[in-house]
Structure formats: structure tokens, C-alpha cells
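Written below as C-alpha cells is the structure these notes are about.
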Amino acid sequence: MPAPSKSPKGPAQKAPVTAPGGALLPESAAPFAVADTAKMKQAILRHLTYTLARDTHTARPRDWWIATAMAVREHILARLIVTQGTHNDHNVRRLYYFSLEYLMGRLMRNALYNSDQYEVTVNALKELGVDFETIREQEVDMGLGNGGLGRLAACFLDSLATLDYPAIGYGIHYEFGLFRQEFVAGHQIEHPDSWMVFGTPWEVVRPENSEKIQLYGRVENVFDDRGNSRPKWVDTKSVLGVPYDIPIAGFGTKTVNLLRLWGSRSTEEFDLQAFNSGGYVEAVREKAVSETISKVLYPNDKTENGKELRLVQQYFFVACSLRDIIRRHFRDTQNSWDNFADKVAIQLNDTHPTVAIPELMRILLDEQEMPWDKAWGIVNRTFGYTNHTLLPEALEKWSVPLFQRVLPRHLQIIYDINAQVLKAVEQKWPGNWEKMRACSLIDEEGAKAVRMANLSVVGSHAVNGVAALHTELLKKLLFPEFDELYPGRFQNKTNGITPRRWLLYCNPNLSALITRVLGSEAWIRDLDLLRGLERFADNPAFQREFMAIKRANKVSLAAVIKEECKIDVSPDALFDVQIKRLHEYKRQHLNLLHILALYRRVLQNPQLDIVPRVFIFAAKAAPGYDLAKNIIRAINIVGNKINDDQRIQGKLKVAFLPNYRVSLAEKIIPAADLSEQISTAGKEASGTGNMKLALNGALTIGTLDGANVEIREEVGDENIFIFGHTVEEVQALRNHGYNPWDIYHKDEELHAIVDWLGSDYFTPHEHGAFNLVHQSLLGGGDPFMVLADFRSYSDAHLRAEAVYRDHSKWARSAILNTARVGKFSSDRTIREYAEQIWSLPAVRVP
């Protein structure tokens, strides 16, 4: 008889690793423990060799960065698979965030911290002889956003994942960002922001989930098989939307959500017949036209073609996204249209995605043949709308002829919705034409236009402002009729920022100090715990340590200023920072007038004892916004004159850092002493730069506008420098006929510096260089009341200077700013949205 077979020797067989639903995963994905240094080294080297075809001798810094990012991505993607499996298995309710922009910045440090792989990765690279900070600088900022709107969306994605809320962000996969900014002779020069030229390791393309959408065409009435006439959208052009997924890992949790971005492609890539006939350009014309849709963020809309492209962009991304959402919903056989609004919550980030409302109605009416009332009920329960502006001119409108050409069926639906709205208005206010005019979705004053903000309010079950003051002004000034028509629809959700990027990552030394004195890292997920720092605010040793970190950050920023602007600045000077989008209402030109006043005072009294100051600007102006670009040039030219003037002995410096972006903000914010938040009261919806700067220990000088009001409530009057007219006072000035010439004539110093700015002193070989700025202040009526607030602003700076001279007092206020702004965490904001608008339960991922 043959001998019985023996059991094999060696380690026991490991059970296969599975995701929810039984899907197999690589062994390295379980149990989601962080890889040790040796395994991370192996992963980096594996990608260096087999993904990039490099060895350690030929690899360049960028190769090391990509290999490292791919190694880190392995763990995040494994967690993504489990997250999505968990959500699908439980048929969860999801939040779908629609935003035309996401200002993501760089993702490496974010990914490392949120996946808990930072230390092992840095150590692995060190053992490989590679410096982490060197390779990290190879990453470029993602060109997916512009200003606060896009950065807020990025912060929200971080908080949604960190708090375990099932969510997907939707947007556009822009090939080019807004633009790369350069200064030539003080002028802003725009260059293409080619952020995708070398690709990015963070995204995963999903061509199998592409969506085809329709544009243009016409509407004709057709009869169904029951003899009923129905509108049909015909003779359309097709465009393909290809999804690119970027995983968003939460901090201190296993959840990884998605940001899905749509790239446009032609449904007919290549016309072979045209090519063979010698029409080489014609052969690829359709491809080029289709791909223009996702080519660039915010095309210039001063031309009709630019306006059309913007509308097409907006429809393209929401149409693709809705089809993707519907596909996901019906993937579960238990789901139907009856529970669509129970499983789907869509948040519109401003009016850019508003065309999603008539698009979902079109799908329900035309494709599903659903009755109007049932369709409208689903739409209204599904959408929420966040308003981001109080500026009437910033509320989006699309001309009716343009809408008719691009989206003819949607225009019909909008008119039908409008009929329902006007019927409700007539019932509430019989015969009141003013109420009808205010609530109508169609603006009929002048050329007819579709009011997207009104459509957003009508089509959403909840409308929110982004700061307490902003929300009150929405109800009182912008939408008072809708507030009466839909009681309870308006609510406030004060904006917030993620403390992970805006303190933990960008200010690691301060973060380490906070963790040490508070005794744990719990504050990273619960920012209210920073209140524990209050008991150290008067401690001299803690003050010295806190301010030593601030000074080290200023030394680092001084090096950046030297490299970028060729200006030497002292880290012992007060760093006065205004970093935000360039717009008249944000009043960078008020800051400029104060700089001119200080410069003039020192010139007239060389012995004047002032605190040395470095005024730091960073901002982009929209390419077609001539006045904003003129303000940039004025700051640059005046700054050059001041920086080169030996008479003032370096007491004043002006640095305008070019190409403002997230990665630059991360260097400026930790080094700021004074935070300029000086918009005209009633114009800034919220602001989030004010929150980031205060969190990092900068004191705010600002008006009672936006979230400044709530920051003052949190930090205390003695730790903020408030100036200027209030909202009510601004309105009273307007009502009484504001005349800037009166102030100009009454204030001798202001009179002198306005004339100085309008002269050719700073540009002796160029007459009227700053005419646009000068004209706006006087002949243009000073619409944002720069002159009206100048003296109060100047006095507030004197108060700030007095506090800065008292090192202990300044340190105490800086510490209390950091300690008391926990309210402004985006985690708090997202919890409020989830509980009060989205009805969205958190889902823990195992």
C-alpha cells in the first residue's frame, strides 16, 4: 500500500481578503493596517521599476514622487473599494455635491496623513536616500478651481469622508486651470495652467462609465401610442462624458469617498472619409469642438462664444452626473423612482449647476413619462441650494435666445415651472405685479434672461446662506418674496475649513505644540478642543514658544518672497496679509491707499516711529476684469517704488506674490500676523481665508461683513480690529446719496494720496497708468465705499500697531484666535448640512 500522504509543512494558508459583497482584494489591502517602512520601500521601488521603468540611479525627483504617490494610492484604493462595497450593500442614502470647481491644491501630504502613512513613507524614502520635501515639490496644484467657492468644496469633501458620510463630488476634469499668473511691468499676464501636461497619479479613469449627453437641436411635438401629444427633443448633437475618479480619504477613519470629474470627448473621434479626401483638419474637427467643453476653467464670458461655452460646460457636467446617479440608484433592484429622493440628496454649490433642476425634470417627464406633480415632487425633495453671493450682478442669468439655442427643451420646462411659480404668487399676493416680477424665473427688463438663482430657490427644498449675516441679508434684501412664499426654506450654514489641511498639514510645528499641550490629537477631528489652549494664553513660556513658531514660519515665507519677488524682508516686521480673489468689493485698493498714506507719513517725517511692515498680497483677477487688473498693477508699481526708496529705511515693504494657489496659501497663512478682511459690509457672503488665518494665530482687521461678525463673537472684541460702516450704515449712505467727493475734500491726507495715485509720479513715462482705479474712487462714485471707510481703516491700523508693540499682548491675542475658532471647522458645517438639510446618516466602514 502506498504511504499516506503527509500534510504540507510551512505556514498555515491565509484566508483570502474580501470586500463587502465577497469581492477578492490583494493580501496587502488587509486589515488596512499601515504598511511598515520595509513594505513601503518595496512598494515605492516596485512602482519605480514596473510603472515608470526607472531604477534608483536614473530616477529623477518627479519619478520618485510618482512612485511614492502610486504606493500610497494602493492603500487608499483598497479602502475605496471596501467603502463603496459597504455603501452599496446597505443601499445607503448618498450626498451628491455638484460644483463647477474644486480647489484641491496638492494631494500628497493630504493623502499621507489621512491614510496614516506619513511617517512610514518619509522614513522609507529616507532609507532610499530621497528627501521627502524635495520630491513633494514636484507635485503641481490641481487646476480644478479658482477661489473660495472651489476651496470650500474641497474642504467639504475632506469633512464628508472624515465624518463617514456617503458622498460623491461631481465636477469637470479641466485640462487647463484658470491661468498661471505672471507679472510683467506690474501687469498681470495670463499663461495656460497646464496642470495635466504630465498627468496625475491620483486619478483613475473609468471609460466604461462614460455618459452620452445631448445639446442644441429643437423640440417637436410627437404622438405616443395612446394618441397623446408630447414634446420631443430632436436633431441634437452628442457629447461623451468620460469620468475620472479621485479618491478622497477621511482622516482617522476607513471611509474613502469619490470626486468624479467629467472630461468631454467626441462621440465621433475621427472622420476617416474626410481624412482620406485630404480634409485633415475636418477629420478631427468634431473631436476638437467636443473636447473644448472641458478644456479650461471659466472661459472668458465677455464674448458670446464664451457665454455659450460656459452654459454648455454647466449642462455637460450636471447631465453626465445625473445619469451617473440614476445608474447607481437603479443598480439596486429594490430601488425605484418612488424612493429616489429617499436615497439621493444633491447639493448645488452656487448657481453653476442649477440647470440640473430642469434636466432632472426633463428625464422624468420625457423619458419616464411621469406626471408633472410627481416629477416636481421628486425634484424638489432631491435638491438643495447654497447661495454664495449678495452681489446682484453676480447672480447668474442666461439670455433666453442662448438658452433656446443650446437647451431648447429645458427652456420650455423652465417656462412651465415659472407658470407654476407665478400661479402661487398670484394666490398669495393677488394682482401684485411687483411680487410677480421679483419671483419670476424670467427677467424681462431689457433682453429676456433666465434667472438661475430664482430657479435654484424654487427647485430646492432648502436654501442656505454661508454666514449668519449673509443668510439674514438673503432673506431681507435678495429673496424677501421667496422667504415669504416658502416659509422655513431659508437657513444658515456658516462656512468652515478643514483643520487637517489648514493647520495640521500646513503648520506642522504649531500642530505639534497644540498636540503636546492638549495631550492628544483628538483636536484634529474635534476643533472645539482648541479651547483648551485658553489656559495657556497668559503663560509667558507658552507665548514665547507660540511666537517662535510664528517667527520661523515668517523666515520661511521671507525666503519665498525673496525667490519669487526678489525682495528682502525682515521676519521681525509685522506681516500684513491680504490673499484672496481680486475684486473691487474685497477692496485691495483700500489697502493700497493705506500703504500710500503710511509711505507719505514716513517721507514727511523720517523720524516717525512706526512698526516695520511687510504688506503681502496674492490674488488673481479675471482676465476680462480690467479694473481689477489695474488695481494689481497699481499695487505692484507703488510697491516697487516703496521697496526701492532708501529714504524710508526699510520700514515698509510691499510684496505681491504671483500665481496665487493653494500651495502658496499654505506657506503664507502660517506666517501671517495681521489678516486683512476688509470687504464692504454686506458684500462678502462669508469668506474662509479669514478662518484659515485666525486658526493659525493671525489677528483680523476687518469690517462687520460675512463671517467676520461670527469671528468677532468667538474671539472677543479685544482680539480683533473692527472698522468701517456696518451694513445698515452703508445702506443709509446710499439712501442719502453717497458722494465720495465730499469725503475727498474733507480729509486732507486722503485728498493728497488719491491725487498722488492719480498722478504720473509712480509712472513718469506713462500718463494715466492708474486712471481706472482713480476714476472708480471719484468719478465712478466709489461704489464699494473705499473713501467712506478709509479713515476708520487707518485708525484701526493704529490700534493694531499699538498692540503689536506689546509683544505679550499680541501673543495672547494670537493664541486666543487659534483657541477660539473651533466653530469654523468644516466638520461642524457638514454635520449641520447632514442633519438639517440632507437627512444623511453616517455609515462606518469596517
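The values are calculated or read from the model by the stated rules, or taken from the named source; none is laboratory data. Here the structure is a predicted model, which is why all the values come from computation and not from measurement. Cβ atoms come from the backbone with ideal geometry, glycine included; neighbour counts cover every protein chain shown. Just the protein is used for accessible areas: all its heavy atoms, side chains included, with ligands, DNA and RNA removed. Shrake-Rupley method; radii C 1.70, N 1.55, O 1.52, S 1.80 Å.
Quick notes on this structure:
- Accessible surface of the range 308-392 [probe 1.4 Å, protein heavy atoms]: carbon and sulfur percent: 46 percent
- With 0.36 nm allotted per residue and the present C-alpha distance subtracted, the Thr51-Glu728 stretch has 237.6 nm of extension available.
- Each Lys and Arg adds +1 at its Cβ and each Asp and Glu adds -1 at its Cβ; summed about the Cα centre, the range 486-544 shows a dipole of about 220 debye.
- The mean sequence distance of close C-alpha pairs (under 8 Å, at least 6 residues apart), as a share of the length of the chain, puts its relative contact order at 13 percent.
- Simple rule: put +1 on each Lys or Arg Cβ and -1 on each Asp or Glu Cβ in the chain, find the dipole, and look at Gly624, Gly639, Tyr505; the Cα lying farthest toward the positive end is Tyr505.
- Structure-based [θ]222 nm, the chain - -39500 (n - 2.57) summed over DSSP H runs of at least 4, per residue, nearest 500: -13500 deg cm²/dmol
- Contact order normalised by residue count of the range 38-91, Cα under 8 Å, 6+ apart, percent: 34 percent
- Pairs exceeding a 24 Å alpha-carbon distance, out of Lys295/Lys620; Lys562/Lys809; Lys397/Lys475: Lys562/Lys809.
- The orientation-averaged shadow of the Cα convex hull for the range 421-571, equal to a quarter of the hull surface, comes to 15.4 nm².
- Of all aspartates and glutamates in the structure, those lying under 13 Å Cα to Cα from Lys692, and not within fewer than 8 positions of it along the same chain, are Glu666, Asp673, Glu676.
- Excluding ligands, DNA and RNA, the accessible surface per residue across the chain is 40 Å² with a 1.4 Å probe.
- Gln368-Val289 FRET efficiency (beta carbon distance; Förster radius 25 Å; 0.05 resolution): 0.20
- For the range 552-623, applying the loop criterion from DSSP together with a ceiling of 12 other beta carbons within 10 Å to the trypsin sites (Lys or Arg not before Pro) yields Lys566.
- Global form of the range 320-442, assessed from the alpha-carbon gyration tensor, a/c cut-off 1.5: prolate
- Net length gained if the chain between Arg405 and Arg218 were fully extended (0.36 nm per residue, minus Cα distance): 66.5 nm
- The range 775-781 - phi-based ³J(HN,Hα) in whole Hz, Karplus 6.51/-1.76/1.60, Gly and Pro as x: 5, 5, 6, 10, x, x, x
- A Förster radius of 51 Å, combined with the Cβ-Cβ distance separating Arg516 from Gln334, puts the computed FRET efficiency at roughly 0.50.
- Fraction of accessible area attributable to carbon and sulfur, the range 441-595 (%, probe 1.4 Å): 49 percent
- Cα gyration tensor shape for the chain, rounded if a/c is under 1.5, else prolate or oblate: oblate
- Rounded to the nearest 20, the Cβ-based charge dipole of the range 454-553 about its Cα centre (Lys and Arg +1, Asp and Glu -1) stands at 420 debye.
- Take each peptide in 365-378, 770-783, 672-685, count the other Cβ atoms within 10 Å of every residue, and average; sorted highest first, the result is 672-685, 770-783, 365-378.
- For the peptides 53-65, 224-236, 750-762, 316-328, the ranking by mean Cβ contacts within 10 Å, running from highest to lowest, is 316-328, 750-762, 53-65, 224-236.
- Added length on full extension, which subtracts the Cα-Cα distance from 0.36 nm per residue, Ala541 to Val560: 3.9 nm
- Global geometry of the range 532-671, whether rounded, prolate or oblate, following the gyration tensor of its Cα atoms and the 1.5 cut on a/c: oblate
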